Amino acid sequence: MNTDFAPRGVWRIVAAREIAVKLRDRNFLVSTVVTIVAIVASLTITGFMSNRTDEIDVAVVGTGADQIIDTANGLAQSADEKVTFTARPQPDVAAVEQRVRDDEVQVGLVSAEPGGWRLIGDSAQNDDAATYLTAAAQQLAVQRNAAAAGLNLEQLGRGGAVTYDLLDKSAVDPGLARIASLVFAFLFYTASLLFGMGIAQSVVEEKQNRVVEILASAIPLRQLLIGKVFGNTVMAFAQLALFVGAGLIGLAATGRGDQVATIAGAAGWFIVFFVVGFLALASFWAVAGALATRSEDLQSTAMPMSMLIMIVLFAGIFLTDTWRVIASYVPVVSIVAMPARLAEGAAAWWEPVVALILMGVGTYGTVLVAEKIYRRSLMQTQGRLTMRQALAVED
């Protein structure tokens, strides 16, 4: 068959085959389901743990200890902290220390001279106890001293009230934004490596088994490349969409539904950036397979792609401030850098548009170069090639 007259849309057949192979791959399906379950479960567990009340038993000795415990509970409730203190009265200080050593209580509270209190821990300090029991004891002491001076707490604290107003009440919690940026980086790394290596492995197996010679007689190599890239990009997009959707559902389950909209916007941009960027990555993964002659050669020919993906991963994790702004406009790196900035609320509406245009231009140029290398190296079966050698081969 003369491939010059092959239908231009034959790539659709190749793409459909790539998708069908993935959908029949039990390992792929199981890993996808397991990952979705793990995402939802981890976020749900995190939400449960964060909403769980931490109960602290306090062994106490001394007049007024119960009042300190009650006041500490009131302070914790006012601060919206999930912690409660329960007094466990003891006959003497020795009994308090023994119960602390035996881990029957988390902390001890005993009266100390002159007129103060002493907290007792075992081998580490309980931060909640140190914060709220200390504040409660100090508040009660101020209240007694104020009464002795003929004042009340309102008079004593006049002029000291402080309020905290947020200029942007819709802003995302910085901790949540940081987690989102890390998730974007790891999703990029996982999907790029999983689907990219799958493309390279498929190409080199067809080349090693001489199947590519049959395909080349029926399908233009350009159409074969387009089909492989498009089919795997569709599957990568579908898998990422499922992961992101599971993450948003899990986030809503943690009680942070008010911030889902902002994170969902950043996640949507991440998927768009990934799809456009993965077209370029997938093309060069196919090149890595075409340059190899045997499966054993992939470790060498795929090394540049593995290094690039690792660099993008580290950039998404470690870059901050000005460097992250610059990275958000660099094609491929912007896949994780720009959505991370959007999650933080640090990017204007037009910035992802500009970055996406730059990504599209870069992807177009990259695909053209990759297609030329792929076409020139795929039929070379004498040994492993370098990119320079492949470019020197005549069409």
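Quick notes on this structure:
- Looking across L119, L133, one residue alone is aliphatic (A, V, I, L, M) and either surrounded by fewer than 19 Cβ atoms within 10 Å (Cβ to Cβ) or more than 42 Å from the chain's Cα centre (by Cα) (or both). It is L119.
- Residue satisfying condition, being among the hydrophobic types (A, V, I, L, M, F, W, C) and crowded, with 18+ Cβ neighbours inside 10 Å, within set A95, A38, A76: A76
- Residues in segment 321-338 that are surrounded by 13 or more Cβ atoms within 10 Å (Cβ to Cβ) and either of a type in the set (S, T, N, Q) or in contact with a Ser or Thr (Cβ under 8 Å, 6 or more places away or on another chain) (or both): 7 in all.
- Qualifying positions in segment 172-194 - in contact with a Ser or Thr (Cβ under 8 Å, 6 or more places away or on another chain) and closer than 30 Å to V14 by Cβ: L193
- For segment 279-316, the set of residues classified as of a type in the set (S, T, Y), modelled with pLDDT of 90 or more and either on the phi > 0 side of the Ramachandran plot or surrounded by fewer than 23 Cβ atoms within 10 Å (Cβ to Cβ) (or both) consists of S306 only.
- Matching option when the condition is without any contact (Cβ under 8 Å) to a residue 12 or more places away in the chain, closer than 30 Å to I263 by Cα and out of contact with any strand residue (DSSP E or B) (no Cβ under 6 Å at 6 or more places or on another chain), among I326, I335, I311: I326
- For segment 347-373, taking the residues that are of a type in the set (G, A, S) and touching a residue at least 12 places away in the same chain (Cβ under 8 Å), the one that is nearest to I226 (Cα to Cα) is identified as A370.
- Residue within segment 88-98 that is touching a strand residue (DSSP E or B) at 6+ places or on another chain (Cβ under 8 Å), under 14 Å from I56 (Cβ atoms) and not basic (K, R) present: no
- Test: residue in segment 100-121 that is in a helix (DSSP H, G or I) and touching a helix residue (DSSP H, G or I) at 6+ places or on another chain (Cβ under 8 Å): no
- Some residue of segment 203-219 being assigned to a helix (DSSP H, G or I), closer than 30 Å to V353 by Cα and not hydroxyl-bearing (S, T, Y): no
- Residue match in segment 141-161 (condition: surrounded by 11 or more Cβ atoms within 10 Å (Cβ to Cβ), of a type in the set (D, E) and either assigned to a helix (DSSP H, G or I) or at pLDDT 85 or above (or both)): no
- Segment 58-72, residues that are touching a strand residue (DSSP E or B) at 6+ places or on another chain (Cβ under 9 Å) and either surrounded by 17 or more Cβ atoms within 10 Å (Cβ to Cβ) or part of a loop (DSSP other than H, G, I, E, B) (or both): V58, A59, V60, V61, G62, T63, G64, A65, I68, I69, A72
- Evaluating G121 against the criteria (1) within 30 Å of A191 (Cα to Cα); (2) free of Cβ contacts under 8 Å to residues at least 40 places away in the same chain; (3) not β-branched (V, I, T) leaves one unmet condition, (1).
- Residues satisfying the stated conditions in segment 203-238, i.e. of a type in the set (S, T, N, Q) and surrounded by fewer than 19 Cβ atoms within 10 Å (Cβ to Cβ): Q208, N209, S217
- Tally of residues being among the hydroxyl-bearing types (S, T, Y) and crowded, with 20+ Cβ neighbours inside 10 Å across segment 187-202: 1
- Options A282, A315, A246; residue that is out of contact with any Cys (no Cβ under 6 Å at 6 or more places or on another chain), part of a helix (DSSP H, G or I) and within 26 Å of R12 (Cα to Cα): A282
The values are calculated or read from the model by the stated rules, or taken from the named source; none is laboratory data. Keep in mind that this is a model prediction, so the values were computed, not measured. Glycine gets a Cβ as well: all are built from the backbone with ideal geometry, and neighbour counts include every protein chain shown.
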